[in-house]
Every structure is written in C-alpha cells, then in structure tokens.
Amino acid sequence: MEPADTAWILAAFALVLLMFPGLAMLYGGMLNGRNVLNMVLMVLSSLAVTAVVYVAVGHGMVLGESVGGAGIIGNPFEFSFFSTMMEDDGSGGPLWAAFYILFAGISVALVASGAAGRMKFGAWLVFVAVWVLLVYAPLGHWVFAFSDEETGVIGGWMRNRLGLHDFAGGTAIHLNAGAAGLALALVLGRRRAGVSRPHNLPLMLVGVALLCTGWMGFNGATAGGANFLAQYVTLTSLLALAGGMLGFITIERFRDGHATMLGLGTGAIAGLVGITPVADAVGPVGALMVGFVAASAAAWAITWKRRHRIDDALDVFAIHGIAGITGSLFAVFFANAAAPAGISGIVFGGGFDLLWREGIALLVTMVYSFAMTYAIAWTMNKIVPIRVSAEDEEIGLDRSVHAETAYEGRTF
C-alpha cells in the first residue's frame with residue numbers, strides 16, 4: 001500500500017473503532033436504567049469474542065479461497081491464527097484483517113437489540129461465537145470475497161456469480177443483523193415488564209454522534225485508500241445522513257404530531273444504513289433521497305413492529321434491515337452512471353437486469369440470516385435456557401448479573 005493509503009486506512013480504522021462505544025451508548029440510552037451496563041457489556045464483548053474467533057478461522061472463512069470453488073465458504077485455515085501476516089508483503093494485510101474484525105464485530109453487536117434486558121450474559125458470549133462462524137462468515141464470504149482471474153482465486157457466489165452491487169456491506173452487515181435481531185427477539189419472547197421508554201436521551205445522542213463519525217471511516221475506508229472514491233462516498237454518506245434525519249422526523253410529525261430527538265437520531269442511522277450499499281452508485285441528490293426514503297421506511301417498520309408486539313427492543317430490524325433493503329433497491333432504480341460505480345438504474349436508462357440480482361441477494365440474505373439465527377438461539381435454549389429468570393429481569397441485569405449499577409441511589 002502507498003503511504004497515503006495506509007495513513008488514511010489507519011485513521012479510518014480508529015473512526016470505525018469508535019462505533020463500538022457509540023453503539024453501546026446508543027443502545028444503553030434507549031433502554032431503561034436497570035440494564036445499561038449489561039447492554040454496554042454485550043456490545044463491547046461482541047468485539048472481544050469476535051476477535052478470538054476471527055483470528056482462529058474466521059478470516060479464512062470470509063476472505064479465503066472458496067472451498068471447492070463453490071463460492072459458499074472460504075478456506076478456514078488459509079489465514080488461521082494470522083500466521084501469514086507477520087511479514088510485510090506490501091498488501092496491507094494486517095490492517096485489512098483488523099478492519100474485517102471490526103466489520104464482523106459490529107454486525108453481531110447490532111443483533112444485541114433482539115436480546116436487550118432478558119438474555120443471560122454467558123449465553124450471549126456463546127451465541128456471538130457461533131453466530132459469527134455460522135451466519136456472518138458465510139454471508140461475508142458471499143459479499144466480500146472477490147475472485148481473481150490472474151491467480152485463479154475463487155470468491156463468494158453473490159458478489160462474483162450473481163453480480164450483486166453492495167459497496168460497503170448493506171447485505172452482509174446491516175440486513176444480516178436486522179434479520180438476526182428479529183429472529184433472536186422471537187426466540188426469547190417479550191420482556192415481562194413490557195417496552196420501556198429510553199431513560200437517557202443525551203447518552204443516546206452521544207452514541208449517535210460516535211456512530212455517525214465512525215460511519216465516515218466505515219464507508220470511506222471501503223474505497224481502499226486515499227482517493228477520489230473515498231472523497232465521493234464521504235459526501236454521499238453525509239447527504240444521506242441529513243436526508244435520514246429529515247425523513248424520520250417528517251414521518252413522526254405526520255404520525256404523532258411532533259418531531260423528537262430520538263427520531264432525529266434514529267433517522268440519521270437509518271439514512272447511513274441506506275447509503276452503505278450504494279454510496280458509490282448514486283448522485284448527490286440521490287444520496288439525499290436514499291437517506292430520506294430509508295429513514296421513512298424504517299419509521300414505518302417500527303410502527304409495524306409495535307402493532308405485532310415484537311420485542312426487538314432497539315429496532316435493529318427496522319433501522320438496519322428495512323433501511324438496508326431500501327438502500328440496496330435504490331441501486332436498481334436510481335443508480336447514476338456518472339457516479340464512480342458507473343452503473344445505471346432504471347430511472348436513468350438502465351435495464352431490469354440489476355433488479356433480479358439485487359432481489360435474489362436480499363431475499364437469500366434475509367432468509368438465511370433469520371433461519372440460521374433462529375436455529376442457533378432455539379437450539380441453545382433447548383440445551384440450557386438462555387433467558388434470565390423473572391426475578392433477575394425485574395431487578396435489572398446490571399445488578400442481578402453484573403453486580404453493578406450505572407446510577408447509584410436511583411431506581412427505574
């Protein structure tokens with residue numbers, strides 16, 4: 001890698017790392033005050049467990065040459081324990097490996113939404129390890145592993161055979177996490193005390209700010225270096241963020257009669273989710289539209305979830321699943337050939353070829369993630385119950401599981 005590219009990716013890595021405390025604060029602020037520390041631990045421990053699994057076999061499963069050339073899973077032993085990364089070959093391998101650990105870690109951390117306030121912490125740690133291996137790794141291989149004609153390396157089927165366009169992980173990360181969070185919530189069931197209002201909106205806002213900051217590194221680093229593409233996707237990401245804020249509070253105003261800070265922050269995240277798969281494929285106006293429509297769709301999905309009494313406590317399915325689908329479909333209809341990706345959507349004279357490709361990718365991702373996550377959680381629950389007792393849930397997991405409290409002297 002060129003020195004300038006290395007410097008930018010190192011800086012972007014630091015930004016993406018901020019997404020973990022950001023998500024912890026966002027999720028913690030949105031819960032009641034009895035489960036804040038438990039949620040922080042769930043998010044941060046996701047990175048810890050993922051790193052161990054990823055170093056052992058995960059990186060090979062995601063980016064290794066496809067086993068048998070089938071495009072289903074990479075060779076788990078190709079990068080086992082990172083033994084091939086102890087010498088400088090000029091490719092930036094160690095830095096990219098570190099980046100992919102963050103990608104996997106933030107994916108499973110998002111799934112914690114479906115377990116908020118009612119899952120045993122030990123069960124969560126086991127779930128993270130199994131989920132990364134059986135759900136994230138195959139999907140990561142399908143989307144992130146590119147074939148190389150010169151060396152004969154065969155990558156994932158979704159990217160290389162199907163021809164999916166996904167700039168920075170709208171399918172493998174966001175839609176995957178959304179479907180998985182929904183499945184985990186259904187296995188665990190609703191919280192006994194019912195849905196609680198966010199206990200600390202300023203904490204939630206700090207989390208949103210850190211996530212938005214990290215997202216610029218997330219999308220910008222996917223450009224591969226310090227280049228025009230990195231500049232462009234940073235611009236479209238910012239515009240989608242703005243469109244997302246406007247989209248969500250507009251829906252709130254018409255639906256509820258008022259706009260809220262919670263809605264503004266939620267819309268910002270939904271807008272960024274929407275732009276992630278198409279940041280290189282839409283124009284500036286298109287980026288604003290992506291954010292607005294993705295956040296509006298997420299707001300609708302949250303309303304749908306409440307009507308059906310699904311306890312996805314922190315709305316990962318709506319914000320990351322539905323907004324992720326919306327963003328991917330924008331490539332089909334509004335991709336602009338003048339953007340760096342060079343593809344045209346239907347509105348700009350492109351054909352319908354991309355529609356079936358994106359449609360298959362979205363459907364397979366959602367079905368696979370939901371079914372596998374449900375099977376993992378259901379099986380674990382049959383072996384040893386993964387939900388805390390009614391008494392522990394009533395006391396709050398901060399005190400009953402971790403013997404700590406975020407706010408001494410206060411009860412919620």
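Which ones in the range 56-95 are free of Cβ contacts under 8 Å to residues at least 40 places away in the same chain, under 20 Å from PRO138 (Cα atoms) and either part of a helix (DSSP H, G or I) or among the β-branched types (Val, Ile, Thr) (or both)?
Keep residues of the range 56-95 that are free of Cβ contacts under 8 Å to residues at least 40 places away in the same chain, which gives 56, 60, 67-68, 75-89, 93-94.
Now narrow it down to the ones that are under 20 Å from PRO138 (Cα atoms): 56, 60, 67-68, 75-82.
Within the range 56-95, ALA56, GLY60, VAL67, GLY68, SER80, PHE81, PHE82 meet the criteria.
What are the residue pairs meeting all of these: first residue in the range 102-114, first residue under 13 Å from ALA185 (Cβ atoms), second residue outside any helix (DSSP H, G or I), Cβ atoms under 7 Å, and 6 or more apart or on different chains?
Correct list of pairs: SER113/ASP312; SER113/ALA313; SER113/LEU314; SER113/ASP315; GLY114/ASP312.
Residues that are crowded, with 19+ Cβ neighbours inside 10 Å and within 30 Å of ALA406 (Cβ to Cβ): does the range 226-238 have at least one?
No - not one qualifying residue is present in the range 226-238.
Could you give every pair whose Cβ atoms fall below 7 Å, whose first residue belongs to the range 178-190 and is over 25 Å from GLY327 (Cα atoms), and whose second residue is buried (at least 24 other Cβ atoms within 10 Å of the Cβ) and of a type in the set (Lys, Arg), counting only separations of at least 6 or pairs across chains?
Matching pairs, first to second residue: LEU188/ARG118.
Would you tally the residues in the range 335-362 being acidic (Asp, Glu) and crowded, with 20+ Cβ neighbours inside 10 Å?
Of the residues in the range 335-362, 1 are acidic (Asp, Glu) and crowded, with 20+ Cβ neighbours inside 10 Å.
Give VAL126, VAL143 a once-over and let me know the one that is more than 28 Å from MET216 (Cβ to Cβ) and modelled with pLDDT of 95 or more.
VAL126
In the range 26-39, is there at least one residue being closer than 27 Å to LEU205 by Cβ, under 15 Å from the mean Cα position of the chain (by Cα) and either part of a loop (DSSP other than H, G, I, E, B) or not polar (S, T, N, Q) (or both)?
yes
Among the candidates ALA168, ALA112, ALA145, which residue alone is crowded, with 24+ Cβ neighbours inside 10 Å, within 13 Å of the chain's Cα centre (by Cα) and more than 23 Å from SER45 (Cα to Cα)?
Exactly one residue qualifies, and that residue is ALA168.
Considering only residues of the range 382-401 that are in contact with a helix residue (DSSP H, G or I) (Cβ under 6 Å, 6 or more places away or on another chain) and in a helix (DSSP H, G or I), which is surrounded by the fewest Cβ atoms within 10 Å (Cβ to Cβ)?
Start the filter on the range 382-401 by keeping residues that are in contact with a helix residue (DSSP H, G or I) (Cβ under 6 Å, 6 or more places away or on another chain), which leaves 386-387, 392, 397-398, 400-401.
The next check asks that each one be in a helix (DSSP H, G or I); those that pass are 392, 397-398, 400-401.
Values: ASP392: 15, LEU397: 26, ASP398: 25, SER400: 17, VAL401: 20.
Applying the filter and picking the extreme gives ASP392.
Only one of these conditions is not met by THR276: (1) crowded, with 24+ Cβ neighbours inside 10 Å; (2) outside any helix (DSSP H, G or I). Which number is it?
With respect to (1) crowded, with 24+ Cβ neighbours inside 10 Å; (2) outside any helix (DSSP H, G or I), THR276 is out only on (2).
The values are calculated or read from the model by the stated rules, or taken from the named source; none is laboratory data. Please read all numbers here as calculations on a predicted model, not as lab measurements. For neighbour counting, all protein chains shown are included, and Cβ atoms are generated from backbone atoms with ideal geometry for every residue, glycine included.
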